[in-house]
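S.K.: For reference, the structure I am asking about is given below.
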Amino acid sequence: MDISSLVQLLIMLAIAGLIFYVLWWGASHVPDPFGTVLRVIAVIVAVVFLVNLLLPMMGSAPVIRFR
């Protein structure tokens with residue numbers, strides 16, 4: 001793994017973090033039962049995204065392949 005792929009990974013993580021922060025902020029302005037459901041869905045999507053992003057670095061295949 002070279003420095004350009006690490007920089008690309010860092011940029012991708014920063015953009016994904018910004019997107020999930022905006023989703024989290026938006027879910028906090030929704031009434032309570034629906035906001036909680038939206039936050040749980042956002043956490044699940046974030047975990048799956050991070051696992052898919054970091055598993056190939058360990059030599060494993062991603063959980064979900066996005067095409």
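Bear in mind that the values in this text are calculations on the coordinates, not laboratory data. Note that the structure is a prediction, hence the values are computed from the model and not measured. Note that we place each Cβ from the backbone using ideal geometry, even for glycine, and neighbour counts take in every protein chain shown.
S.K.: Calculate one ³J(HN,Hα) per residue across region 14-30 by plugging θ = phi - 60° into the Karplus curve 6.51 cos²θ - 1.76 cosθ + 1.60, and present them in order as whole Hz with x for glycine and proline.
M.R.: Computed from phi, the couplings for region 14-30 are 5, 5, 5, x, 5, 5, 5, 5, 5, 5, 5, 5, x, 6, 6, 9, 8 Hz.
S.K.: Continuing with the same structure: Obtain the nm distance between the two label points defined at V7 and W24 by a simple spin-label model: each point lies 7 Å from its Cα along the Cα-to-C-beta direction.
M.R.: Here the modelled spin labels are 2.8 nm apart.
S.K.: A further question follows. Just need the Rg to Rh number for the chain, please, alpha carbons only, Kirkwood Rh.
M.R.: Rg/Rh for the chain comes to 1.08.
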